[in-house]
Amino acid sequence: MLFLLHPALELEAVEVKGPSPYGSGSREEKVAFDKDDGLVRLRFPQRIGKGEGLEVVFQYSGQIRDDERLKIGPEGGYGLSGAFWYPQNFTGDLHAARVSLHLPNTPDRPDGLVGVVPGTLDQEGYFSPILPVFGIYFAYGNYTKKSIAWRGKEISIYCTNESATIADQILKTAEDILEFYSQKFGEYPFDNLTLVETELPAPRGAPSGAQGIGGVAPPTLVFLNSILLRMGKVPTNLLAHEISHQWWGNLVPVSLKKGYTPWFSEGFATYSDALYVEKTLGRERMMQHLVKMGHLYFQSTLYLEDEPLGTCYINSPMYRPVVYAKGARVLHSLRGLLGDEAFFRVLKEFASGYALKDATLADFKSIAEEVSQKKLDSFFEDWFEKKGFPHYKISEVKMEAVEGAPQKFHISLIIEQLGEIFTGSLEVAFYGQGAEERKEIFFGERSAPLSFTLPFKPERIVLDPDYWVLREPSGDDIWPRFFRAGGAKK
């Protein structure tokens with residue numbers, strides 16, 4: 001069996017103990033091991049039977065320095081799972097754990113130093129994660145705690161004195177987000193939520209001096225970067241993103257099962273943030289938010305090799321542009337295809353049906369098809385197996401008055417796809433003489449001639465005016481062609 005343990009830590013001994021909680025008999029003996037840099041290989045004295053469990057005890061010690069994922073200091077610190085400060089299963093399997101966090105009793109220790117670990121605290125002083133998790137997290141500091149009650153649950157924030165002035169606003173915003181998501185995704189799945197201010201490291205691979213990540217959200221816990229809180233403004237978008245991970249990434253857990261996609265975690269969380277923008281600021285602001293996401297992805301494809309959404313993982317330089325930004329836009333496209341009622345039913349059924357279970361893209365597709373009663377093969381093939389995005393163009397527009405009905409006009413045009421061919425529904429909007437009319441088409445070809453009869457002479461034609469589909473921002477999808485930023489203007 002393989003584990004990861006930080007290279008700076010010295011592994012002194014490993015033993016297995018019984019009795020086995022799942023099998024018969026008992027064992028208690030030393031286990032041979034090799035430690036090569038951060039990789040630990042255990043060689044068990046005998047085969048572990050199917051369905052049998054063993055308690056594995058690691059004895060190790062040492063100090064970890066110069067790792068931004070683990071910071072220990074007299075005034076505060078944090079530990080992220082990725083620092084491997086404890087033996088972590090090499091394959092990343094979910095696991096349960098009990099953690100005792102002991103803060104040093106030294107003369108320079110500030111009064112009021114408080115430790116926070118996700119989960120519940122028992123009488124012996126051990127924290128137990130609320131459910132099996134990929135990693136164990138902690139933070140401690142000279143915190144002020146504030147709390148409110150919501151639906152019989154406690155929402156708390158641990159913050160420094162510098163950020164205490166906005167603590168009440170943060171709690172109120174978190175309460176509103178939880179209420180909104182509970183309506184959209186299903187009931188909040190845990191007994192409490194704790195927000196913690198702490199320093200956080202820069203993303204992996206970021207240049208030296210880069211700003212730390214905004215937040216991290218294991219079960220029941222949200223770390224918030226101190227830099228953002230000390231600006232004196234509630235980081236609403238960050239809160240909405242990180243709190244949504246209680247559903248997307250925790251309730252429906254991150255998985256290494258073949259067919260799992262990180263879109264379930266980060267793509268869903270990014271779109272959840274957009275949904276909260278829609279709820280608080282309106283649909284137009286949500287669309288502006290999503291257009292920015294699209295531009296982030298488009299710009300990244302100019303200098304990085306694009307990757308399909310279905311197979312883009314955290315080690316890719318395109319991970320954030322594809323999984324977060326494009327992923328949110330793809331979820332928005334699915335909403336447009338299914339309609340709001342079916343779309344939000346899909347999210348609720350996915351969250352409840354795969355609570356604490358491994359989920360695959362095929363599982364999600366199956367729920368979406370069952371709820372909507374639509375075949376979605378082409379949608380999932382296009383957006384998860386192909387790179388890129390569609391590039392639509394309107395050309396050869398012709399119009400003439402209908403004989404004997406001068407107020408009616410025959411319109412003919414050609415819609416082309418200039419790059420990879422994507423299949424799906426598109427709206428074609430016609431504007432003119434103060435009037436508007438929309439036609440829905442199903443389009444999946446290189447080029448298709450279309451014709452319509454309208455009760456007015458159009459002055460402008462726009463493909464997908466509400467921007468449901470992520471597409472090339474070239475202006476080719478508008479006639480007469482002109483540059484535009486954001487949504488189409490009537």
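What residue, among those in segment 434-452 that are over 17 Å from VAL397 (Cα atoms) and more than 34 Å from the chain's Cα centre (by Cα), is surrounded by the most Cβ atoms within 10 Å (Cβ to Cβ)?
GLU436
Tell me yes or no: at least one residue of segment 254-269 is in contact with a Leu (Cβ under 8 Å, 6 or more places away or on another chain) and farther than 20 Å from GLU349 by Cα.
No; the residues of segment 254-269 include none that is in contact with a Leu (Cβ under 8 Å, 6 or more places away or on another chain) and farther than 20 Å from GLU349 by Cα.
Checking the structure you have, find out if any residue of segment 374-397 is outside the structural domain of ILE461 (by TED's automatic domain parsing), farther than 25 Å from TYR297 by Cβ, hydroxyl-bearing (Ser, Thr, Tyr) and not in a strand (DSSP E or B).
No, because not a single residue in segment 374-397 is outside the structural domain of ILE461 (by TED's automatic domain parsing), farther than 25 Å from TYR297 by Cβ, hydroxyl-bearing (Ser, Thr, Tyr) and not in a strand (DSSP E or B).
Residue by residue through segment 345-366, note down the ones that are hydrophobic (A, V, I, L, M, F, W, C) and either surrounded by 19 or more Cβ atoms within 10 Å (Cβ to Cβ) or closer than 17 Å to GLY310 by Cβ (or both). Spell out how you get there, then give the answer.
Step one: filter segment 345-366 for residues hydrophobic (A, V, I, L, M, F, W, C), giving 346-347, 350-351, 355-356, 359, 361-362, 364.
Within segment 345-366, VAL346, LEU347, PHE350, ALA351, ALA359, LEU361, ALA362, PHE364 meet the criteria.
May I ask you to say which residue of LYS408, LYS490, LYS457 is outside any loop (DSSP other than H, G, I, E, B) and either in contact with a Phe, Trp or Tyr (Cβ under 7 Å, 6 or more places away or on another chain) or at pLDDT 90 or above (or both)?
Details: LYS490 fails: outside any loop (DSSP other than H, G, I, E, B); LYS457 fails: outside any loop (DSSP other than H, G, I, E, B).
Step by step, each of LYS408, LYS490, LYS457 is checked, and only LYS408 is outside any loop (DSSP other than H, G, I, E, B) and either in contact with a Phe, Trp or Tyr (Cβ under 7 Å, 6 or more places away or on another chain) or at pLDDT 90 or above (or both).
List every residue pair whose Cβ atoms lie under 6 Å apart, where the two residues are 6 or more positions apart in sequence or sit on different chains, the first residue falls within segment 358-378 and is touching a residue at least 60 places away in the same chain (Cβ under 8 Å), and the second residue, located anywhere, is of a type outside the set (Val, Ile, Thr) and surrounded by 13 or more Cβ atoms within 10 Å (Cβ to Cβ).
These pairs meet every condition: ASP358/SER255; THR360/GLY259; THR360/TYR260; LEU361/GLY259; ALA362/GLY259; PHE364/PHE350.
Looking only at residues that are surrounded by fewer than 16 Cβ atoms within 10 Å (Cβ to Cβ) and of a type outside the set (Asp, Glu) in segment 123-141, which one is modelled with the lowest pLDDT? Break it down into steps so the answer makes sense when it comes.
Restricting attention to segment 123-141, the residues satisfying the condition of being surrounded by fewer than 16 Cβ atoms within 10 Å (Cβ to Cβ) are 123-126, 128, 132.
The next check asks that each one be of a type outside the set (Asp, Glu); those that pass are 123, 125-126, 128, 132.
On the way: GLN123: 55, GLY125: 51, TYR126: 55, SER128: 59, PRO132: 59.
Looking at residues that are surrounded by fewer than 16 Cβ atoms within 10 Å (Cβ to Cβ) and of a type outside the set (Asp, Glu), I get GLY125.
In segment 161-205, what residues are of a type in the set (S, T, N, Q), more than 19 Å from the chain's Cα centre (by Cα) and assigned to a helix (DSSP H, G or I)?
Matches in segment 161-205: ASN161, SER163, THR165, GLN169, THR173.
The values are calculated or read from the model by the stated rules, or taken from the named source; none is laboratory data. Note that this is a predicted model, so its numbers are computed, not measured. No Cβ is skipped: glycine too gets one built from the backbone with ideal geometry, and neighbour counts run over all protein chains shown.
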